[in-house]
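First comes the structure, then the notes that go with it.
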Amino acid sequence: MDLHLIDPLSDSRWDAFVATHPRATVFHQRGWLDALARTYGYQPFVLTSTPAGRALSDGVVLCRVSSWVTGNRAVSLPFSDHCEPLADDDGLVVEFANSLRSECDRERWRYVELRPLSWSGGQECPLPRSRSYWFHNLDLTPSLEQIYKGLHKDCIQRRIRRAERERLAYETGRSERLIAELYDLLLITRRRHRLVPQPRCWFQNLIQCMGDDVQIRVARKRETPIAAILALRHQRSLVYKYGCSNEKFHHLAAMPFLFWRLIEESKASGLEKIDFGRSDIDDTGLTTFKDRLGTSKRLLTYLRYPQAENREPAGWRVPAIGHAFPFLPNAALPALGRLLYRHMG
C-alpha cells in the first residue's frame, strides 16, 4: 500500500476531515497542532493512504520533536493525553505503525510513540505497549440533577455549596487579563508541586490558534483570583486541560465550584461529555478526586518503539533544581519553562 505524508497546517483537507470524523478530538485540530509548532518548534505531519487531490479518508497525525537533550522522535502527540489514529480499518493502522517503525529505524529516532484512546493494535501491532494511565470521562447525557447526584456528597457537593455561600465572583473568556490570572495561578500551583511551569506563550498561542474553542474560567474572592481552569472544545465534547489555584484560599472551595460551572455550562450548550484527561496509575489522590466528580475511568495505554524506559522524559521533575524551588524567584520559573519544555514533548 502506498502511504503519503501531508502537512496538516497547510493542507485544508485535514481540517475538513477532522471536523467530521467521529473519533477526532481537540488534539487533532489544526489549531492545537499550530500552537505546538509555534511554541515548541515541533513539526506536525500526517500519514495517510489518501493520494493528493482526493478528500482524506484516514490519517494518523504526529509531531517530529528534535532535541539534543532528549533525542529526536515522533510523537502522536506531544503534551496531548491521547490522539487516536483516524482510520476505520484496523489493518490500515497496523500499516501506519509498520511504516513509522521503519522510519524510526531509518532516521535513527530515539523512538516513535502513539497515544491511542481506544485502538490497541492487537497481536499484530508492531509497536510494543508502553506506559498506562487512567483515562477519565464524564457522561453529560443524563439530566443535570442526575449528574449532580453523581458528585461525591461531602467532597464535592458540600464544597460547591460552600463556594456559593462565599459568593465567589466568576468570569469566563479568553482575554489577556484572564490569561494573566491563569498564568499567575499556574506559577503558584507548579511551585507548590515543584514542577516546571509551561511557558506563558503556550497559553497565548492556544488562544490565538484555537479561538472560540478555548475557554478560561476564573474564580475570585472579591478582586483576588483564587482558582482557574482552561478547557478546549471539539464538536460535542470538552477537554479539561489545565487547572490551578492558590492554596491560601482552598477553604473557599473554588475548584469544585469551577468544575460545577463547567459541567452546568457544557450541559446547557448541548455537549455530551467532558474529557478529564489522564492520571498516573499510582496517583491515587488525583484519581480519587476525578472519581468524586462522577467520572468513569478506563486504562489508556501508549504504544512505543523501541520499548519505553520506565520513567518520564527529563524535565517533568528535575532533581537538580527540586530543592532549589523554594528559593527561585517567580521570574525564573517561566524562563525555565521556555528552556526545558521544548525538549519534553
* Report, to the nearest 10°, how far helix 90-107 tilts away from the longest principal axis of the Cα atoms in the chain, using its own Cα long axis and a range of 0 to 90°. => 80
* **Rounded to 10°, Cα long-axis angle of helix 254-268 versus longest principal axis of the chain** => 60
* Which ³J(HN,Hα) values in Hz, rounded to whole numbers, follow from the phi angles of region 290-303 under the Karplus curve 6.51 cos²θ - 1.76 cosθ + 1.60, where θ = phi - 60° and Gly and Pro get x? -> 5, 4, 6, 7, x, 6, 9, 9, 8, 6, 10, 10, 7, 10
* Structure fact -> Interchain or sequence-distant (5+) residues whose placed amide H lies within less than 5 Å of the amide H of Ile226 are Ala219, Arg220, Lys221
* **Distance in nm between pseudo-label sites at His250 and Ser269 (7 Å out along the Cβ direction from Cα)** => 2.9
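Give me the orientation-averaged projected area of the Cα convex hull of region 195-260, in nm², one decimal.
Approximately 5.5 nm², given one-decimal rounding.
Could you work out [θ]222 nm for the chain from helices alone, using -39500 (n - 2.57) per DSSP H run of at least four and dividing by all its residues? Round to the nearest 500 deg cm²/dmol.
On the way: 11 runs with 117 residues, N = 345.
For the chain, the value works out to -10000 deg cm²/dmol.
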* Asked: Hey, what do the phi angles of region 190-205 turn into as Karplus ³J(HN,Hα) couplings, whole Hz, using 6.51/-1.76/1.60 and θ = phi - 60°, x for Gly and Pro?
  -> 5, 4, 4, 8, 6, 10, 6, x, 5, x, 4, 4, 4, 6, 5, 5
* Asked: Given +1 on the Cβ of Lys and Arg, -1 on the Cβ of Asp and Glu, and no further charges, what dipole in debye does region 1-160 carry about its Cα centre, rounded to the nearest 20?
  -> 740
* To do: Give me the compactness ratio for the chain, meaning the Cα radius of gyration over 2.2 N^0.38 Å.
  => 1.01
* ³J(HN,Hα) across region 135-148 via Karplus (A = 6.51, B = -1.76, C = 1.60, θ = phi - 60°), whole Hz, x for Gly/Pro? -> 10, 10, 9, 10, 7, 9, 6, x, 5, 4, 4, 5, 4, 4
* Calculate how many DSSP beta bridges within region 54-199 are antiparallel, expressed in % of all such bridges and rounded to the nearest 5. => 55
* Which of the peptides 257-264, 63-70 is most tightly packed, and how do the rest follow, going by the mean number of other Cβ atoms within 10 Å of each residue? -> 257-264, 63-70
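Just so you know, all these numbers are worked out from the coordinates, no wet-lab data involved. Just so it is clear, the model here is predicted, and its values are computed rather than measured. Quick reminder, even Gly has a Cβ in these numbers, built from the backbone with ideal geometry, and neighbours come from all protein chains shown.
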